[in-house]
Amino acid sequence: MPSFSFHTTPRIVFCEGAAAELAYHLGTTAQDRLMIVTDPGIVALGLAEPAIASLKNAGADVRVFGEVEADPSLATLERAIAMALDFRATGVIGFGGGSSLDVAKLTALFAGSGQAIDTAWGVNNARGPRLPLALIPTTAGTGSEVTPVAIITVGEDEKRGVSSPLNLPDVAILDPLLTTGLPPHITAATGIDAMVHAIEAYASRNANNNPISRNLAVEALRLLGRNIEEAVFNGGNRAARSAMLIGSMLAGQAFANSPVAAVHALAYPIGSRFHVPHGLSNALVLPHVLRFNAADAANGSFALYAALGPHVFPGLRAEGGAQAICARFIDRLADLSARLGLKSRLRDVGITEADLPAMAADAMKQTRLLVNNPRDVGEADAYAIYKAAW
Ligand SMILES: [Zn+2]
């Protein structure tokens, strides 16, 4: 058995209504000075108000940084760090989607260590200590509450990441009641993103692909596949929302230790050039990347996809051998995205055929992801995949 290592968040709390009892779950006292990192939408909805009230009732001083945007910028991060230092925060709480959680991670890190941001980009370049950190996701998709990565946009559209076990929070709080109001299109796109995390982790060629991640991926797909339609079309269903939140967390644990591959690599140019949300970008290329991988039998991915198929779609017909089951699985994934109301072609999100060559060249820069793909992807391959998706 090849060696591997596995990191995850040391404490995970799942509880309906946990946010409203946040002080209890965090053990908050009157000595605490807690900074909440969130986005303007959540501030406007008042979604964090019960959590803030709980902390204040316990005597804590609370300050809210509510300015995190999608694809958060370096300037936003710097403002958040400045607030944490000015407030003399004793702890940071990320409350929101992946962007808010990423900014919270790095605010806790840099406000705690004083390290210059520019010296921390990349893998394991961050020094501690960081401030105590709790992460509370309000979408079921990124799994950021259990991943060691935080992504920041530098300049126009350059994405830089800090990957370090220091970015794993002390505690993740999963409260499905925070997700019952998510609109269908966000539930659908973020849910498909979580499914992609599990599928890519399961089949990852990364040397650290490991049996823990593969088991987590299977369970994640079982929960996500059986509940995504209910969560999209009947958002108030708490059982479905719970399954999605736990499924996305399990998928996050899987890919944090067995990293994602070409679906994410090819999704990046769609997101950065055309400002398509991350989950939808993934959904647009998902079936086409899987078909490309499965078409080369030598890499064996068709057998892995065939093994996953019945977990996602319990009724998937099993006859005809692994290649046939794999093909049906990929077709069902494409159908699922369409049924959930997601756009299904690149042309639907404002991409023209003339854009495809530059996108393919751009995708080649994602070497850190492409090396994990079951099949080598060259620029001509990326172009062919985009063409199929167009
Ligand atoms: Zn993703």
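Right, A306: at pLDDT 95 or above, over 30 Å from L178 (Cβ atoms) and either in contact with a Lys or Arg (Cβ under 7 Å, 6 or more places away or on another chain) or surrounded by fewer than 24 Cβ atoms within 10 Å (Cβ to Cβ) (or both) or not?
yes
Among the residues of segment 15-34, is there at least one that is surrounded by 15 or more Cβ atoms within 10 Å (Cβ to Cβ) and closer than 30 Å to E156 by Cα?
Within segment 15-34 (the criterion being surrounded by 15 or more Cβ atoms within 10 Å (Cβ to Cβ) and closer than 30 Å to E156 by Cα), the answer is no, since none of the residues qualifies.
Restricting attention to strands (runs of 3 or more DSSP E) lying wholly within segment 1-66, give those where 3 or more residues are over 21 Å from T139 (Cα atoms).
61-65
Just the residues that are assigned to a helix (DSSP H, G or I) and open to solvent by 50 Å² or more (accessible area, probe 1.4 Å), please, taken from segment 227-237.
Across segment 227-237, the qualifying residues are E229, E230, F233.
Is it fair to say T190 is open to solvent by 10 Å² or more (accessible area, probe 1.4 Å), touching a Gly at 6+ places or on another chain (Cβ under 8 Å) and within 13 Å of the ligand (Cβ to nearest atom)?
yes
For A240, work out the one condition from (1) in contact (Cβ under 8 Å) with a residue 24 or more places away in the chain; (2) small (G, A, S); (3) open to solvent by less than 10 Å² (accessible area, probe 1.4 Å); (4) more than 14 Å from the ligand (Cβ to nearest atom) it doesn't fulfil.
The one condition A240 does not meet is (1).
If P132 meets every condition in (1) more than 25 Å from A19 (Cα to Cα); (2) touching a Gly at 6+ places or on another chain (Cβ under 9 Å) apart from one, which number is that one?
Of the numbered conditions (1) more than 25 Å from A19 (Cα to Cα); (2) touching a Gly at 6+ places or on another chain (Cβ under 9 Å), the odd one out for P132 is (1).
Six or more apart or on different chains, Cβ under 7 Å: which pairs go from a residue in segment 275-286 that's crowded, with 24+ Cβ neighbours inside 10 Å to one that's hydroxyl-bearing (S, T, Y) and assigned to a helix (DSSP H, G or I)? Could you list them?
Short answer, once both residue conditions are applied: G279/T190; A283/S337.
Could you please tell me which pairs satisfy a Cβ distance under 7 Å, a separation of 6+ or placement on different chains, a first residue in segment 321-345 that is without any contact (Cβ under 8 Å) to a residue 40 or more places away in the chain, and a second residue that is of a type in the set (D, E, K, R)?
Qualifying pairs under 7 Å: R328/R317.
Results for (1) crowded, with 16+ Cβ neighbours inside 10 Å; (2) of a type outside the set (K, R); (3) within 16 Å of the ligand (Cβ to nearest atom), shown as yes or no for each residue.
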| site | (1), (2), (3) |
| --- | --- |
| A82 | no, yes, no |
| I93 | yes, yes, no |
| G98 | yes, yes, yes |
| T119 | no, yes, no |
| N124 | no, yes, no |
| V146 | yes, yes, yes |
| D157 | no, yes, no |
| R160 | yes, no, no |
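Can you tell which of D157, D102 is at pLDDT 95 or above and of a type in the set (D, E)?
Of D157, D102, the one residue that is at pLDDT 95 or above and of a type in the set (D, E) is D102.
The values are calculated or read from the model by the stated rules, or taken from the named source; none is laboratory data. Only a predicted model underlies this, so the values are computations on that prediction, with no experimental measurement involved. All Cβ positions, glycine included, derive from the backbone under ideal geometry; neighbour counts span all protein chains shown. The area values use the complete protein model at the heavy-atom level, side chains included, leaving out ligands, DNA and RNA. Shrake-Rupley method; radii C 1.70, N 1.55, O 1.52, S 1.80 Å.
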